[in-house]
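Worksheet: one structure, shown below.
The values are calculated or read from the model by the stated rules, or taken from the named source; none is laboratory data. No experiment lies behind these values; they were computed from the predicted model shown. We place every Cβ from the backbone using ideal geometry, glycine too, and count neighbours over all the protein chains shown.
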Amino acid sequence: MTHKQPISAQRGFSLIEAIVSVGILALAIPLVLGALVESGNSGTSAAAETRCGWIVPTCLDELKAASDGKSVLLPKTPLGTAFPAAGQVYGIAFGAAGNSLGAVDKAAYEAGVKRMADQDVRYIAVIEGEVLPAKAGSVPMRSIRVGLEYPAAVPAKKRTKLDFFTKSP
């Protein structure tokens, strides 16, 4: 003998339940994706701030070498002079680990740099200096800005920038 099960009104979902479920998903999915993107941006910013501890001193060492005419990456820059000249950029490309990869010219700086020395370029450091007014008999000083910009592959106007300032002869 076979028994027929009674047809229940509770079998499946109603149209209203389905619409409410789709509405909840429509709100939740963009929120979750937005949170994931923001956490990725936070990680990128944290990595850049961490690498600054290596990159900024490297830039200042290159600037010191440039003042002695011994820099491989920057042109000769005598002490007590402003730099770079109009229309130029003192830029250095850095990899993900904070290692220097080479000099960046104005055109590459503006457009963005993806690869250099067979490595991905993650950061571009831009160095600028202006001469400060000096008192009589004192050593002329320069105000120096090292700007760390990332990601290096995008055009200059779209990069995130971190600025570091110091003074030096």
I'd like the residue in segment 57-78 that is polar (S, T, N, Q) and under 16 Å from Lys167 (Cα atoms) and, out of all such residues, is surrounded by the fewest Cβ atoms within 10 Å (Cβ to Cβ). Thr58
Note on Met141: of the conditions (1) more than 22 Å from Gly95 (Cβ to Cβ); (2) within 16 Å of the chain's Cα centre (by Cα), unmet is (2)
So which of Ser71, Ser100, Ser138 ends up being closer than 17 Å to Ala47 by Cα, out of contact with any Lys or Arg (no Cβ under 7 Å at 6 or more places or on another chain) and not aliphatic (A, V, I, L, M)? Ser100
Those residues of segment 141-163 that are touching a residue at least 24 places away in the same chain (Cβ under 8 Å), within 21 Å of Ala86 (Cα to Cα) and surrounded by fewer than 16 Cβ atoms within 10 Å (Cβ to Cβ) come to a total of 2
Touching a helix residue (DSSP H, G or I) at 6+ places or on another chain (Cβ under 6 Å), within 18 Å of Gly147 (Cα to Cα), buried (at least 16 other Cβ atoms within 10 Å of the Cβ) and not hydroxyl-bearing (Ser, Thr, Tyr): does that describe Gly95? no
Restricting attention to segment 100-121, report how many residues are in contact (Cβ under 8 Å) with a residue 24 or more places away in the chain and either in a loop (DSSP other than H, G, I, E, B) or within 20 Å of Val139 (Cβ to Cβ) (or both). 4
Pick from Thr77, Thr160, Thr81: which is under 14 Å from the mean Cα position of the chain (by Cα) and among the hydroxyl-bearing types (Ser, Thr, Tyr)? Thr160
Is there a residue being touching a Gly at 6+ places or on another chain (Cβ under 6 Å) and without any contact (Cβ under 8 Å) to a residue 12 or more places away in the chain anywhere in segment 73-90? yes
Please go through segment 116-138 and give me each residue that is out of contact with any Gly (no Cβ under 8 Å at 6 or more places or on another chain) and loosely packed, with under 13 Cβ neighbours inside 10 Å, ordered by number. Asp118, Glu130, Leu132, Pro133, Ala134, Lys135, Ala136, Gly137, Ser138
Considering only residues that are among the charged types (D, E, K, R) and under 27 Å from Thr81 (Cα atoms), look in segment 120-140 and name the one that is modelled with the lowest pLDDT. Lys135
Val72 at pLDDT 90 or above, more than 19 Å from Tyr150 (Cβ to Cβ) and not aromatic (Phe, Trp, Tyr): yes
Consider Phe83 carefully, then state whether it is surrounded by 20 or more Cβ atoms within 10 Å (Cβ to Cβ), at pLDDT 90 or above, over 24 Å from Ser42 (Cβ atoms) and of a type in the set (A, V, I, L, M, F, W, C). yes
Could you go through segment 6-23 and let me know if any residue there is polar (S, T, N, Q), farther than 23 Å from Arg122 by Cβ, at pLDDT 85 or above and touching a helix residue (DSSP H, G or I) at 6+ places or on another chain (Cβ under 6 Å). no
Sort out which residues of segment 95-145 are of a type in the set (Lys, Arg) and touching a Phe, Trp or Tyr at 6+ places or on another chain (Cβ under 9 Å), and write them in order of number. Arg122, Arg142, Arg145
